[in-house]
Structure formats: structure tokens, C-alpha cells
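For reference, the structure is listed below as C-alpha cells.
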Amino acid sequence: MIHESILIPVDLAHPEAASVMFDRARALLRPGGRLTVLHAVPDLAPHVTMEMPDDFLPEALRKADDTLRALVADAGLDADIRILTGQAPRAILDTADQVRADLILIASHRPGLSDYLLGSTAARVVRHATCSVLVIR
């Protein structure tokens, strides 16, 4: 199936998964279709942020943006890049609705005891997405 709008959430803690997802997106995107690449910087609890330098969050967002842009450029993709703050599942689902994605292409790590079948983020996205979801392992 060919898709019009694909959302690719990237966990920058595991950037090696990005190239696999980018290759799959190329194969699934119709010519002229739209790619959106997303990374969510997690919110920190208020008691933690009180101990952090004032520029911690802006600097984390800048670094995430630089890293994600480099990954996309290295892959030779034309994509809308979004860096958000908050919990990854909610950021992914909200962005998918905003960009009217018809496919979310998400990576999942090998399961452990805490997440028996899918990673917790991938599992939440699969359960709650209003569009198709392709999980890449």
C-alpha cells in the first residue's frame, strides 16, 4: 500500500533504527507524499527541573533538533522535522492527527519483562492511533 502522509517518530537514544525506518518510508510513500519526522523530549518532574540550569530544556531541544536534522539529511530525505516536549506516545498521536498521517512508522526494541510484546511507546501508539501503524523491529 502506498501512503500520502507518513509520520516517523525517532527515539534519539536509538538513532540506529532511524535509517531502517527511513528506508521503509521511501518504499511506502507515494511520489509527492509528505514525511514528518518527530522526536519528543520527555518532560521532567518539577523537582528535577529546579535542580537543572535554566537553559537545560532549550539546550536539550536544540541538540535534539540538530541531531534529528543530521539524521534526515544523511538519509537524503525531504521531511518536516518536529521536536516536541512531553510524553512520546501523546506527542506521536497528536502529531499524527495534526499532519493527517495515514501511517505511523515506529521502531520497537526487543521486548523485555516490562514490555512483553512491544516497547511501551510503540504499544500505546498501536492501541490508540487512528491511522495504520507499522512497527519495525
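The values are calculated or read from the model by the stated rules, or taken from the named source; none is laboratory data. Everything numeric here is computed off the predicted structure, so don't read it as measured data. Cβ coordinates were reconstructed from backbone atoms using ideal geometry, including for glycine residues, and neighbour counts include every protein chain displayed. In case anyone asks, the SASA skips ligands and DNA or RNA and just uses the protein heavy atoms, side chains included. Shrake-Rupley method; radii C 1.70, N 1.55, O 1.52, S 1.80 Å.
Observations
- Check on Gly76, at positive phi and out of contact with any strand residue (DSSP E or B) (no Cβ under 9 Å at 6 or more places or on another chain): yes
- Restricting attention to region 71-112, the residues being open to solvent by 30 Å² or more (accessible area, probe 1.4 Å), among the β-branched types (Val, Ile, Thr) and either out of contact with any Lys or Arg (no Cβ under 9 Å at 6 or more places or on another chain) or within 16 Å of His128 (Cβ to Cβ) (or both) number 1.
- Put simply, of Ala123, Ala107 the only residue that is of a type in the set (Gly, Ala, Ser) and over 12 Å from the mean Cα position of the chain (by Cα) is Ala123.
- Complete set of residues in region 1-25 that are under 17 Å from Ser132 (Cβ atoms) and not small (Gly, Ala, Ser): Met1, Ile2, His3, Glu4, Ile6, Leu7, Ile8, Pro9, Met21, Arg24
- Residues being open to solvent by less than 40 Å² (accessible area, probe 1.4 Å) and small (Gly, Ala, Ser) - total across region 46-70: 2
- When region 1-30 is limited to residues that are part of a strand (DSSP E or B) and either within 18 Å of Pro42 (Cβ to Cβ) or without any contact (Cβ under 8 Å) to a residue 60 or more places away in the chain (or both), the one that is most open to solvent (accessible area, probe 1.4 Å) turns out to be Arg30.
A quick yes/no check of all residues on (1) in contact with a Gly (Cβ under 9 Å, 6 or more places away or on another chain); (2) of a type in the set (S, T, N, Q):
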| residue | (1), (2) |
| --- | --- |
| Val41 | yes, no |
| Glu51 | no, no |
| Glu59 | no, no |
| Leu71 | no, no |
| Ser108 | yes, yes |
| Val125 | no, no |
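- The residue that is farthest from Leu105 (Cα to Cα), counting only those in region 35-73 that are among the charged types (D, E, K, R) and at pLDDT below 95, is Glu51.
- Exactly one residue among Ala70, Ala79, Ala40 is farther than 24 Å from Arg124 by Cβ and within 17 Å of the chain's Cα centre (by Cα), and that residue is Ala70.
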